[in-house]
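The block underneath contains the structure these notes are about, expressed in structure tokens.
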Amino acid sequence: MTTAEIITIGTEIMTGQIVDCNARHIANILTEKGIRVLFQTSIGDDEEVVKSALRVANDRVRLIITTGGLGATANDITRDAVSDCFCIPLIPDKKSRMRLQKYFMNRHTNRRNEYRRQCLIPEGSVVLYNDYGTATGFAVRHEGKEIVCLPGVPREMQLMLHKYLERYIQQRKAGKRCSVTRNLHTFGVSERTVEDTVKDCWANTGQQKAITLVHDGMVTIQTQATASERKKAVELLDKMERVLRKEFGHAVFGAGEETLEYAVFTLLKEKNATIAVAESCTGGLVSDKLTNIPGISRFFLQGVVAYSNKAKEDALGVPGKLVMKHGAVSSPVAKAMAEGIKKRAAADIGVGITGIAGPAGATPGKPVGLVYIAVAENGLVRVKKCRFRGSRIDVKNFSANTALNMIRLALLGDR
């Protein structure tokens, strides 16, 4: 299997001015293509540091992908670092220069000459042309290794990465084994349980492998199959998915890019059911997740953030005496919130969430992370008491995902 390292270059990343989204995107795509990412490195705009990172990566992986440092300014030193590090001279690419001239044809600027250095590539490189900007990317081989240099602008990088991988896959089809990966997502089962079940199913042979990943209460099973051709590898993955779905039942909510909210949307559509959500500690996060799905407007009727006790009483009809007796963070209040929003929106399903996200707000007997979530439908109300750990944001995310999963299970008829 090809091993890879991703090197993101940019002082703005190192100083925290921007968040590096490129490495995540590249890692996801490479993994899907059966390329194993072993390392991710972020460095600033310093030619010696870039060369050092390239030398280290060259010693430990077969594929190096860099982003950033291909612009027209003095800080853009990636091409020079690659040239120096691997002793490959830079030469102008005629097609890149023609594309650059066309780019500037209707643009008034006196800095065109500065951009010409972007047409320089290491001799013998495969050129990766940029359809959205001026930076030219390239892929160069050196002693059996491959170095791919892409711009840092995400839109430009993503398209050029796609072009490179098309070529990469075509070159390796003949006589090579193909590895394909797929993610299967679960909620409501522990990582240990998932891991033990996976181990019982597969012994992580060269042909079939599976690992577990945890995020915001979800456990993702990353499956990988290797075969002589892609079709056979996909058939193996299909078989693995069938086994896992049988083992975990309704705990499996999706595969690939499918999210909990998308799973809820699919079931709402299937059941032709409507939903309304009343949130306190999550601050509208469940509504936000649901309304990110195109087409949800047919089913999502209303979302209310009832943060104060008065808002719970006025907007949802929660009795003041109930709040006084049990406190705003309690099972009866969550139940009343769910029933209140369901009734006021005339929805098939009502959801109520109340809790203490922290770091302040705890009281004796009610610690930070205590959350009650209620789902009302078909004359029944299910209330779940949760105790989440982590930061305020963690508690909100765990709460929102747990609520979405409870809605999903209610729509499935799983009680």
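Summary of values
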| quantity | calculated |
| --- | --- |
| Failed item, numbered, when THR73 is tested on (1) among the hydroxyl-bearing types (Ser, Thr, Tyr); (2) closer than 16 Å to VAL153 by Cα; (3) open to solvent by less than 60 Å² (accessible area, probe 1.4 Å) | (3) |
| In the stretch 164-194, residue modelled with the lowest pLDDT [restricted to those that are assigned to a loop (DSSP other than H, G, I, E, B) and of a type in the set (A, V, I, L, M, F, W, C)] | ALA174 |
| Residue count for the stretch 314-338, restricted to those that are closer than 18 Å to ALA376 by Cβ, of a type outside the set (A, V, I, L, M, F, W, C) and part of a helix (DSSP H, G or I) | 4 |
| Within the stretch 306-338, tally of residues that are of a type in the set (D, E, K, R) and buried (at least 16 other Cβ atoms within 10 Å of the Cβ) | 3 |
| The lone exception for PHE39 - which of (1) within 29 Å of THR220 (Cβ to Cβ); (2) open to solvent by 30 Å² or more (accessible area, probe 1.4 Å); (3) modelled with pLDDT under 95 it fails | (3) |
| Number of positions in the stretch 147-156 that are modelled with pLDDT under 95 and not in a loop (DSSP other than H, G, I, E, B) | 3 |
| Filtered residues of the stretch 28-67 (kept if among the small types (Gly, Ala, Ser) and out of contact with any helix residue (DSSP H, G or I) (no Cβ under 6 Å at 6 or more places or on another chain)) | GLY34, SER52, ALA53, ALA57 |
| Number of the exception - THR134 against (1) closer than 18 Å to VAL82 by Cβ; (2) surrounded by 19 or more Cβ atoms within 10 Å (Cβ to Cβ) | (1) |
| Elements of type helices (runs of 4 or more DSSP H) contained in the stretch 1-76, each with 2 or more residues being among the charged types (D, E, K, R) | 22-32, 47-60 |
| Hits in the stretch 254-275 - residues which are in a loop (DSSP other than H, G, I, E, B) and open to solvent by 60 Å² or more (accessible area, probe 1.4 Å) | GLU257, GLU258, ASN272 |
| Per-region count, the stretch 375-411, residues of a type in the set (S, T, N, Q), within 16 Å of GLY358 (Cα to Cα) and assigned to a helix (DSSP H, G or I) | 2 |
| Tally, over the stretch 213-253, of residues that are of a type outside the set (A, V, I, L, M, F, W, C), part of a strand (DSSP E or B) and surrounded by fewer than 20 Cβ atoms within 10 Å (Cβ to Cβ) | 4 |
| Within the stretch 361-396, considering residues that are at positive phi and within 28 Å of the chain's Cα centre (by Cα), the one most open to solvent (accessible area, probe 1.4 Å) | GLY390 |
| Residues of the stretch 339-360 satisfying the condition of being open to solvent by less than 50 Å² (accessible area, probe 1.4 Å) and part of a loop (DSSP other than H, G, I, E, B) | ALA347, ILE356, ALA357, GLY358 |
| Residue match in the stretch 303-314 (condition: in contact (Cβ under 8 Å) with a residue 40 or more places away in the chain, within 24 Å of LEU409 (Cα to Cα) and in contact with a strand residue (DSSP E or B) (Cβ under 8 Å, 6 or more places away or on another chain)) | no |
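The values are calculated or read from the model by the stated rules, or taken from the named source; none is laboratory data. From a predicted model like this one, the values you see are computed outputs, not experimental measurements. Cβ sites come from the backbone with ideal geometry, for glycine too, and all protein chains shown count toward neighbours. Accessible surface is based on the protein model in full, side chains and every heavy atom, while ligands, DNA and RNA are left aside. Shrake-Rupley method; radii C 1.70, N 1.55, O 1.52, S 1.80 Å.
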